[in-house]
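Each remark here refers to the structure printed beneath this line.
Please treat every number below as a calculation from the coordinates, not as lab data. Treat the numbers as computed from the prediction; the structure is a model and nothing was measured. Here the Cβ is made from the backbone with ideal geometry for all residues, glycine too, and neighbour counts use every protein chain on show.
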Amino acid sequence: MVWRLEDPPGNESRKIVWEVVPYLRGQGVDLGAGDFKILPHAISVDNMHHAVFGHTVRPDVFIQDAADLSVFGSQTMDFVYSSHLLEHMVDPKACLKEWYRLVKPGGYLILYLPHEDLYPKMGENGANPDHKHNLNNDMVIKWMEENSAWDLMENQVRNQDREYSMLLVFKKLVKAPGIRHQYSYNQGRLEKTALVVRFGAFGDLMQASSVFAGLKDEGYEVTLMCSPPGVDVVLHDPHIDHFMILDKDQVPNGNLMEFWGWQSRKYDKFVNLSESVEGTLLGMGERAPRFWNPLVRHERFNRNYVQFQHELAGLPHKPQVMFYPTVEEKAWARKERERVGGKRVVMWSLAGSSIHKVWSGMDNVIAAIMLEHPDTHVVLVGGPEAQMLEAGWEKESRVHRTCGKWSIRQTLSFLGEVDLVIGPETGVLNAACQMDCWKICLLSHSTWENLTRDWKNTLAIWSENTTCKGRGENLTPACHLLHYSWEHCTKHEESGTAQCQFDIKPEEVWEAMNTVLTNLNRG
């Protein structure tokens, strides 16, 4: 639209906030924020000029003039955002240089400005008397050419609804010979585009990889909206064309629906997998399903996780969960395999993201492996918090302790070199589910139907006689609940693990392990 004198005044940043969210990760400043900060985590910078109009302005950082940001160090910000400020500055070219100074390589300068073709020019009826320049996209880009290397990510003229502005986003590039200015904004997209939303942990993203592959099979260009650290496991998935990575709580939970609605309109297909498992097939928090009768909960929630995600995406159920290591990661894994040695390698995933994803009988089974299969080595994997579970195996050369040493991508890359992987319901087990190596999965809050039904070469083991808060008097094979504390999960005090995991006996796990290793050695 073109601005009209009778239009009500509006906070300009509110009009663009959901458009620029992908560029507002990390630490950054909102220059001239006034009484509306673009997102809660931004550092508002203002001279309180708007207070004369009755606005309540309490900036995080007070400055007299946005042309001088010497209070901030060079390359200290992941983003610098400014809305309807540059046109007020005496020397906008110098301001852009000063603002750009703050941006780290890989960070963004985001400019939302009135466009001279959509807003009254200086001297015209209705023009802002404080404006010192009439602006357009080409003019700002030309001013920016004197700054170090950048990539123009957005170059929009925005005249929708009550907008009369333009949006420019410059990504700061690392200085290198031959690199000056790039223009990614004008790279075309395929005819069919899909946006998939999946925030979650490693296992959640691995399950969602089957949806990415299914969409790619149907010819979609796929963009994934996700967050760290879960994104690490899909960073090199060939079925993902673009990433929209957001930090935890970058968009306040109360605004997610509005944000998703805004972003969904840009794509031909919108697939929201948030809470497709948690909250839908696993009761969470203090929501009503936690207090249902276990039999009712089991009846409603005993559905396959991956199949349900395919249904949400409107895709046929063709399981394609897969981790994709790089060439370099494969080479690293092969070298590690040589270092480990032995004829057979068992990877043991020690713990998952919830309190019930730990099994206490591991030491007994590893000891049996050492005795009965002398040419088998065991690699223990997990995060730094799992290091305590490695205790006691420091002097055994055939047990390799890697918890807190390998990254998640290194761990998953090494899956291609192992003969068997064992553990509770972790991202590691999910990543291996369609691989040829054997799996032994120790189920806790999920059933065989939920998780392992379609996995290749898999033995699922669960306690068949557990009485606990979630399963009642052994009414169901799983509680179908998320647990991050012991409030609704029964703890076996002696072992310190969940009752359902303690009730899986070491003899049962050893029998499965011994059977697989014996058959592998015969083969």
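Helix 202-217 and the long axis of the chain differ in direction by around 70°, with both axes built from C-alpha atoms.
Go through Asn128, Ser274, Val358 and say which Cα lies farthest out towards the positive end of the charge dipole of the chain; charges sit on Cβ, +1 for Lys and Arg, -1 for Asp and Glu. The listed residue farthest towards the positive side: Val358. Taken over the range 340-420, the ratio of Cα radius of gyration to 2.2 N^0.38 Å equals 1.04.
Tell me, what is the percent relative contact order of the chain, built from C-alpha pairs under 8 Å that lie six or more residues apart? Answer for the chain is 11 percent. For the range 297-433, taking Cα atoms only, Rg and Dmax work out to 16.7, 53 Å respectively.
By the count of neighbouring beta-carbon atoms within 10 Å, fewest first, Asp241, Asp117 end up ordered Asp117, Asp241.
Only helical DSSP H runs with n ≥ 4 go in: add -39500 (n - 2.57) per run for the chain, normalise by residue count and round the 222 nm mean residue ellipticity to 500 deg cm²/dmol. It lands at -7000 deg cm²/dmol. Radius of gyration over Kirkwood radius for the chain, both on Cα atoms: the Rg/Rh ratio is 1.06.
Label separation (Glu258 vs Leu235): 3.3 nm, computed from points 7 Å beyond Cα along the C-beta direction. Within the range 294-328, what residues put their amide N at less than 20 Å from the label point 7 Å along the Cα-to-Cβ vector of Gln187? Once the point is set 7 Å along Cα→Cβ of Gln187, 326-327 turn out to lie under 20 Å by backbone N, inside the range 294-328. Divided by 2.2 N^0.38 Å, where N counts the residues, the Cα radius of gyration of the range 394-445 comes to 1.19. The Cβ shell under 15 Å around Gln250 holds other residues with a net charge of -3, Lys and Arg each +1, Asp and Glu each -1. The label-point distance for Asp130 and Lys269, in a model that sets each label 7 Å from Cα toward Cβ, rounds to 4.9 nm. Among His131, His115, the order by Cβ neighbours within 10 angstrom, fewest to most, reads His131, His115. Per q in 0.13, 0.15, 0.17, 0.23 Å⁻¹, report the Debye log10 I(q)/I(0) for the range 127-199, using one uniform scatterer on each alpha carbon and no solvent. Rounded to two decimals, the profile gives -0.59, -0.73, -0.87, -1.12.
For the range 186-317, the equivalent ellipsoid derived from the Cα gyration tensor has semi-axes of 27, 17, 14 Å, listed largest first. Applying the criteria of a DSSP loop state and at most 12 other Cβ atoms within 10 Å to the trypsin sites (Lys or Arg not before Pro) of the range 225-282 yields Lys248, Arg265, Lys266. Placing unit charges on the Cβ atoms of the charged side chains and taking the dipole of the chain about its Cα centre, the candidate lying farthest along the positive direction among Asn47, Asn521, Gln182 is Asn521. Subtracting the Cα-Cα distance of Ser148 and Ala288 from their residue separation scaled by 0.36 nm leaves 44.9 nm. The share of C-alpha pairs in the range 12-186 whose separation exceeds 20 Å stands at 51 percent.
Once every Cα of the range 327-522 carries one equal point scatterer and solvent is ignored, give the base-10 log of I(q)/I(0) from the Debye formula at q = 0.10, 0.14 Å⁻¹, two decimals. For the range 327-522, the Cα-only Debye profile gives -0.39, -0.77. Farthest towards the positive end of the charge dipole of the chain, among the residues His298, Leu69, Leu443, is the Cα of Leu443, using unit charges on the Cβ of Lys, Arg, Asp and Glu. Once C-alpha pairs closer than 8 Å and six or more residues apart are averaged by separation and normalised to the residue number of the range 12-186, the relative contact order reads 18 percent. Summing charges over all other residues whose Cβ lies under 11 Å from the Cβ of Ser74, with Lys and Arg as +1 and Asp and Glu as -1, gives +1.
Too long at a 21 Å Cα-Cα cut-off: which of Lys37/Lys93; Lys248/Lys269; Lys93/Lys172; Lys142/Lys175; Lys343/Lys505? Listed pairs above 21 Å: Lys37/Lys93; Lys248/Lys269; Lys343/Lys505. Charging the Cβ of each Asp and Glu at -1 and of each Lys and Arg at +1, and nothing else, the dipole of the chain about its Cα centre rounds to 800 debye. Note on Leu475 and Asn159: their simple-model spin labels are 6.3 nm apart, each label 7 Å out from Cα toward Cβ.
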